[in-house]
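Colleague: Structure incoming, see below.
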Amino acid sequence: MSEKQVFNPNPEFSKNARIKNMDEYNALQNKAMNDYEGFWGDFAKEKIDWIEPFTNTLDESNFPFVKWFEGGKLNVSTQCIDRHLDTRKNKAAIIFEGDRGDVQTITYLDLYKNVNRFANLLKEDFGVKKGNRVVIYMPMIPEAAYAMLACARIGAIHSIVFGGFSSEALKDRIIDAEAKVVITADGAFRKTKPYMLKPVVDAALEGETPVEKVLVVERNNEDVTWVAGRDYSYNELIKDKSAVCEAQVMDAEDPLFLLYTSGSTGKPKGVQHNSAGYILWAQMTMEWVFDVKENDTYWCTADVGWITGHTYIVYGPLAMGATTVMFEGVITYPDAGRPWAMVENHRINQFYTAPTAIRVLHKMGEDAPAKYDLSSLKVLGTVGEPIDPPAWKWYYEEVGSSKCAIVDTYWQTETGGHVVSPLPGATPIKPACATLSLPGIMGEILDPETGVKVGVGESGYMCITRPWPSMIRGVWGDEERFVKSYFGDVKKDGKPVYFTGDGANYDNDGYITITGRTDDVINVSGHRMGTAEVEAAIKKHSNVAEVAVVGKPHELKGEGIFAYVVLKSDDGVADEVEEVKIINNIIKKEIGNIALCDDMVFAPGLPKTRSGKIMRRILRSIAKGEKITQDISTLEDPSVVEKINSMVNK
Ligand code: WTA
C-alpha cells in the first residue's frame, strides 16, 4: 500500500451502487480489454433508444478518424426527453434556482414542450436546418438547455460560447464555425443586479459576419438595442409555436456540437463531438460515477459554456432521466453558505464542483457547512484541475461528514466525459488522486520517448491507447490540426495514441495522479487558457515588442497568469500601474475577464535560445521564485535571466 491514507467506500452506499466493489470494476475492465467491441456494443444496445440499430460497432481503419456505431440512427433530444415520458412525465428534469432565489421546476413533460417549441421556432422563423451551426451565448437559465436540445432535435450543430468571453472572442468563434444564428439573452442577474449579454453580441456582429439572425431571450428585461430584420424576441416568437416537433433522424456519427477550447498554440480549436458515442458515455458516466438514483437530485455548479456544463448539467443527467439543478447565481453570494443552503433546500444527493470553488468556499466559510443539513449528500465530485490535499480534506470531512465518496473526475473537452475517476461505491479513494481509468477507457501513462508504460513514481504522459465512443471527432475545419494536436506526440508499439496534454504518475497501487499540463496551457480556476492566446492579445498593444506568458501557482485559482512584457521604448515605463491597466483592458476586450493577468513585469528582454525560442521553463521558475537550475550558458543573452529574476524576486 502507498503511504497515502485510504478511505474505503461507505458500505451503506456501496450496497445499492451500480458498480459495488473492485471485483465488479475489474470484471468490467477485463471484459473491455478482452472484447473491446463487445463491451461497447452491448452497452450501446442497452442504453440508447435507437431509431435504427447500428451494424458495426467500431471502424478504426482510418484512425484517428474513427466511426462508432455505424448504421445506427437516433436523435439525442429524444434520448434525453421523449423516452422518459412514459415513466417520468411529471418528474423534475431541471430545477432552476435563479440568482435572486427564484425557483422553477421543469418536469420532463414541460421540457418536451419547451424544447419542441424552441425547435419549431428555429426551423420555421429562422430557417435552421440539419448541419447548420448555431452559436449560443447565454446565461445559466433553463432556456440555455432548451436551446441546446432544440438544436439537437432538428440536427443543428450548437456551439456554446461561455458568457464571460468578450465580443472579440465571440466573433472569432462565430466566424470560425460559420454560424448563421446566435441565441442569446438580454442578460441575467448576478449578485441580485442585472448584467448584460446582448451588447456583447451586438459588438461581435459589427462588420462582416455570417450571422443572419439573433434570438434574444428576455431574462432581466433591461433595455437592449434591437436591429430590425436581425434581432427577434424569443418571448414573443415562442408564443404561437406548436409543442410537437418531429425529431430529425440522425446518423450515429452526425455532429452534435462544437465547443471551442484552448490549445498550446494559435487560436482556440472547435472540438467536435458526434451524436451516439457522446451521448452514450455521457449517460454511462452519469450512472457509474455519480450513481444517481431515481429519486435523487443532482447539482453540478459548472456553466453550460464549458464541457462540464454540456455533459454533466444537460446531456448526461437528462439522458439518464435524472433531476439536474441549474443555478444562475454566484456560489459565494450572499455568503459562502449559499451552496449548502441549496443542498439543504433541494435535498441534493450529488454535488459536483471545481477545486477552485472548494478553496474559495473553504476560505470564506470554513464553518458554513456545519450550519446546514447536508445529510442528503452521498457523492461529492471535483473537476477541472488537480485538487490539493487541504481542500480535499475539508470537502471530505466538513461537507461530506466523512461519509461521502469524493470522485476526483479527470477528463477534458476532448474526451467528452470522465476518463479517470473513482467509482463511489467501489473504489477506495486517496486524497487528491483521480485513481483509475473507468471501465472501457484504456488510460495509460506512457514515456513520451519510448511509448512504454512508466514505472511507479515515474512521470509520464497521460494517454488513451484505444479510441472510445465520446472521443473528439475532429477540430472544426482543420483535419491536420486535429491529427497533430492529439496524435502527434506519443506512439505505443509504433502506433500513434491519443495524448491528453497532461502529465501523470502511478503510485504503488497503480492509482493515477494527474500532475498538470505538459504544454503551454494554463489552468486558471479550472478554465483552460492558452498562453499563445493571452500573448496575442497583449501584442495588440502598440508599445509591446515581445511578451511571454506563463502559469504561476495561485492559492485560490490553482494557477494565475504571469506576463513578462518587453516594451518597444527603451526608456522604461513612466507609470507601470497605468500600463498594466491598459494591457489588462486589451485582454478584457480580446478574450474576457477570465484571462486578466495576475502578475506583469516589464522585462528588459526575454531568455531566448540562439535560434530565438523563448525558454519558458526559466520564466516559470522565476515566476515561482525557484532557484534557476537550467543551463543558461547557451542563451542568446544569459544576463537577461538575472536581470528579470532580480526584478521579480527582490
Ligand atoms: C485539467 C474540463 C487534474 C487537465 C473537464 C485537463 C484535471 C484539463 C482534472 C481539461 C482533474 C481536468 N485533475 N486535472 N480531476 N480534470 N483537469 O477541457 O489539465 O476545460 O487537460 O475540461 O483540465 O480542461 P477542459
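The values are calculated or read from the model by the stated rules, or taken from the named source; none is laboratory data. Keep in mind it's a predicted model, so treat the numbers as computed, not measured. Note: ideal-geometry Cβ built from the backbone for every residue, glycine included; neighbour counts use all protein chains shown. Surface accessibility is based on the protein's heavy atoms, side chains included, excluding ligands, DNA and RNA. Shrake-Rupley method; radii C 1.70, N 1.55, O 1.52, S 1.80 Å.
Colleague: Based on the mean of other beta carbon atoms within 10 Å per residue, what is the order of 506-515, 373-382, most packed first?
Modeller: 373-382, 506-515
Colleague: Which order do peptides 476-483, 222-229 fall in by mean Cβ count within 10 Å, highest first?
Modeller: Answer by packing, highest mean first, reads 476-483, 222-229.
Colleague: Local charge sum around Thr513 (other residues, Cβ-Cβ under 10 Å, Lys/Arg +1, Asp/Glu -1)?
Modeller: My count for the surroundings of Thr513 gives 0.
Colleague: What are the ³J(HN,Hα) values, in whole Hz, obtained from phi via the Karplus relation 6.51 cos²θ - 1.76 cosθ + 1.60 with θ = phi - 60°, for each residue of region 595-601 in sequence order, with x given for Gly and Pro?
Modeller: In residue order, the calculated couplings are 10, 5, 7, 7, 9, 8, 10 Hz.
Colleague: What residues qualify as long-range amide H neighbours of Glu70, i.e. H under 5 Å apart, gap of 5 or more or another chain, H built at 1.01 Å from N?
Modeller: HN-HN under 5 Å from Glu70: Thr55, Asn56.
Colleague: Give me the Kirkwood hydrodynamic radius of region 29-151, using the inverse of the mean 1/r over all pairs of distinct Cα atoms, in Å to one decimal.
Modeller: Across region 29-151, the inverse of the average 1/r is 17.2 Å.
Colleague: Which of the peptides 147-159, 333-345 is most tightly packed, and how do the rest follow, going by the mean number of other Cβ atoms within 10 Å of each residue?
Modeller: For the peptides 147-159, 333-345, the packing ranking is 147-159, 333-345.
Colleague: Further, regarding this structure: Let me know the Kirkwood hydrodynamic radius for region 521-648, please, with Cα pairs as the basis and the value in Å to one decimal.
Modeller: One over the average 1/r among Cα pairs gives 14.9 Å for region 521-648.
Colleague: What size of dipole, in debye to the nearest 20, comes out for the chain about its Cα centre when the only charges are +1 on Lys and Arg C-beta atoms and -1 on Asp and Glu C-beta atoms?
Modeller: On the way: 73 positive and 91 negative charges, 81 e Å.
I would put it at about 400 debye.
Colleague: Check which residues have an amide H placed less than 5 Å from Ile183's amide H, if you skip close sequence neighbours.
Modeller: Val135, Ile136, Tyr137, Leu215
Colleague: I've got another one for you. Would you calculate the volume per residue, in Å³, of the smallest convex hull containing every Cα atom of the chain?
Modeller: 162 Å³
Colleague: So how do His418, His362 rank on accessible area, 1.4 Å probe, biggest first, that is with the largest at the start?
Modeller: On the way: His418 0, His362 50 Å².
Descending accessible area places them as His362, His418.
Colleague: Follow-up question, since we're still on this one. If you roll a 1.4 Å probe over the heavy atoms of the protein chains, what accessible area per residue do you get for the chain, in Å²?
Modeller: Result: 39 Å² of accessible area for each residue.
Colleague: Placing unit charges on C-beta atoms (Lys and Arg positive, Asp and Glu negative, everything else neutral), compute the dipole magnitude of region 35-330 about its Cα centre in debye, rounded to 20.
Modeller: 440 debye
Colleague: What does the charge dipole of region 393-509 about its Cα centre add up to, to the nearest 20 debye, if the Cβ of each Lys and Arg holds +1 and the Cβ of each Asp and Glu holds -1?
Modeller: Dipole about the Cα centre, nearest 20: 280 debye.
Colleague: Moving on. Where Lys and Arg each count +1 and Asp and Glu each count -1, what net charge lies around Met615 among other residues with Cβ under 12 Å from its Cβ?
Modeller: Net charge around Met615: +3.
Colleague: Okay, next question. Mind pulling up the Rg/Rh value for region 35-330? Radius of gyration and Kirkwood radius, both on Cα.
Modeller: 0.95
Colleague: Within the set Lys568/Lys613; Lys20/Lys371; Lys393/Lys430; Lys89/Lys123; Lys20/Lys430, which residue pairs have Cα atoms separated by over 21 Å? Intermediate results must be reported in sequence, preceding the final value.
Modeller: Working: Lys568/Lys613 19 Å; Lys20/Lys371 32 Å; Lys393/Lys430 10 Å; Lys89/Lys123 25 Å; Lys20/Lys430 18 Å.
Checking Cα-Cα distances, Lys20/Lys371; Lys89/Lys123 exceed 21 Å.
Colleague: Can I ask one more? I'd like the carbon and sulfur percentage of the solvent accessible area for the chain, probe radius 1.4 Å, heavy atoms only, ligands and nucleic acids excluded.
Modeller: Values: 11770 of 25090 Å².
Carbon with sulfur: 47 percent of the solvent-accessible area.
Colleague: Hey, if you put +1 on the Cβ of every Lys and Arg and -1 on every Asp and Glu Cβ in the chain, which of Ala188, Val227, Asn120 ends up farthest toward the positive end of that dipole?
Modeller: Positive-end residue among those listed: Asn120.
Colleague: Go through Ser569, Ile618, Val640 and say which Cα lies farthest out towards the positive end of the charge dipole of the chain; charges sit on Cβ, +1 for Lys and Arg, -1 for Asp and Glu.
Modeller: Of Ser569, Ile618, Val640, it is Ile618.
Colleague: Output ³J(HN,Hα) for region 246-259: one whole-Hz value per residue in order, computed from phi by the Karplus curve 6.51 cos²θ - 1.76 cosθ + 1.60 with θ = phi - 60°, and x for Gly and Pro.
Modeller: After applying 6.51 cos²θ - 1.76 cosθ + 1.60, I find 4, 7, 5, 6, 10, 6, 3, 9, 5, x, 9, 7, 10, 9 Hz.
Colleague: How large are Rg and Dmax for region 16-93 when calculated on the C-alpha trace, in angstrom?
Modeller: Radius of gyration, then largest Cα-Cα span, for region 16-93: 15.9, 45 Å.
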